[in-house]
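Encoded as structure tokens, the structure appears first; notes follow it.
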Amino acid sequence: AGTWQDMPWENLTPAHVAALVTKLSGDYKPAYVNTILAAVRGVMEQAHDLGLIGDETYRLIRKVKAVAGGSTEPRGRYVPQGERAAMMDECRRDPSPAGYRDAAILACGYPGGLRRAEIAGLLRENLTDDGETVTLQVMGKGRKARAVYLDNGAADALRDWLTIRGDAPGPLFWAGRRGGHVVPGQGITAQSVYEMVKRRAEAAGVRDLGTHDLRRTTASDMLDIADAVTVAGYLGHASTNTTAKYDRRGERA
């Protein structure tokens, strides 16, 4: 995968920009999507000024509509224990390597509370096990490192995956292919994590679930037993204000 510096911005079309807005609208709030759109427009303005794109292309990119409105209700939801168990059971019914891998990934989502990019970025070297607790060294946003501790069933899910994966260095979670097989040494992507969670949820009869809802659920449950500063540190939040936005306990609080 390339970086933004490598991106041939002059090849970006109005259709690409419109597709980007549509894709982001499914996962993010209108304000955030419109911020991204404004940034893209700014880059394309520079491309136009440098003569890399023509007047008509620039005009049509400028016409891509921003996202209007948006609910004032917080995005996402709490995932009850029954739904989480149903998803794990769905993975356990799959005897293929992908079943073990996906159960371990779900454990990283809850109770680990990891972002899907953090899950995809884990290396075998980031995991240690003292027999009771599995510790994950996670690299979060802004290259901020933190430790995440898993025990009981979550730790067992990681151990079960390692019996198949082995202890070779490299990506902790391997990419999959048809038939539930995995590709040794080839890391999974954040998009694949997203698609897997959606697929397992649908198979388990769990509706309207986003991958970030597992992280919101971790935050909500931790806020029942710990202060906001501790929870923020566990989740890799720079501010407890962000942690507060993850609280989906409602009246239970």
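Looking at this structure, is residue 118 assigned to a helix (DSSP H, G or I), within 15 Å of residue 157 (Cβ to Cβ) and open to solvent by less than 60 Å² (accessible area, probe 1.4 Å)?
No: the conditions fail for residue 118.
State which residue is surrounded by the most Cβ atoms within 10 Å (Cβ to Cβ) when the search covers only the range 78-88 and only residues that are touching a residue at least 12 places away in the same chain (Cβ under 8 Å) and among the aliphatic types (A, V, I, L, M).
Only one residue tops the list, namely 87.
Only one of (1) more than 26 Å from residue 24 (Cα to Cα); (2) without any contact (Cβ under 8 Å) to a residue 60 or more places away in the chain; (3) among the aliphatic types (A, V, I, L, M) fails for residue 175. Which number is that?
Going through the list (1) more than 26 Å from residue 24 (Cα to Cα); (2) without any contact (Cβ under 8 Å) to a residue 60 or more places away in the chain; (3) among the aliphatic types (A, V, I, L, M), residue 175 breaks only (1).
Checking residue 104 against (1) at pLDDT 90 or above; (2) among the aliphatic types (A, V, I, L, M); (3) within 30 Å of residue 243 (Cβ to Cβ); (4) assigned to a loop (DSSP other than H, G, I, E, B), which single condition isn't satisfied?
(4)
State yes or no: is residue 17 at pLDDT 90 or above, open to solvent by less than 60 Å² (accessible area, probe 1.4 Å) and not in a loop (DSSP other than H, G, I, E, B)?
yes
Considering only the range 134-161, state which residues are more than 15 Å from residue 172 (Cβ to Cβ) and of a type in the set (Ser, Thr, Tyr).
Within the range 134-161, just 149 meets the criteria.
Only residues that are free of Cβ contacts under 8 Å to residues at least 24 places away in the same chain and under 16 Å from residue 102 (Cα atoms): list them for the range 192-230, please.
195, 198, 199, 202
May I ask you to verify whether residue 91 is without any contact (Cβ under 8 Å) to a residue 60 or more places away in the chain, crowded, with 16+ Cβ neighbours inside 10 Å, on the phi < 0 side of the Ramachandran plot and in a helix (DSSP H, G or I)?
Against the criterion (without any contact (Cβ under 8 Å) to a residue 60 or more places away in the chain, crowded, with 16+ Cβ neighbours inside 10 Å, on the phi < 0 side of the Ramachandran plot and in a helix (DSSP H, G or I)), residue 91 does not qualify.
For the range 25-66, name all the residues that are under 24 Å from residue 77 (Cα atoms) and either in contact (Cβ under 8 Å) with a residue 40 or more places away in the chain or assigned to a loop (DSSP other than H, G, I, E, B) (or both).
Once the filter is applied, which keeps residues that are under 24 Å from residue 77 (Cα atoms) and either in contact (Cβ under 8 Å) with a residue 40 or more places away in the chain or assigned to a loop (DSSP other than H, G, I, E, B) (or both), the range 25-66 yields 25, 26, 27, 28, 29, 30.
The values are calculated or read from the model by the stated rules, or taken from the named source; none is laboratory data. In this text the structure is predicted, and so the values were computed from the model without any measurement. Here the Cβ is made from the backbone with ideal geometry for all residues, glycine too, and neighbour counts use every protein chain on show. Just the protein is used for accessible areas: all its heavy atoms, side chains included, with ligands, DNA and RNA removed. Shrake-Rupley method; radii C 1.70, N 1.55, O 1.52, S 1.80 Å.
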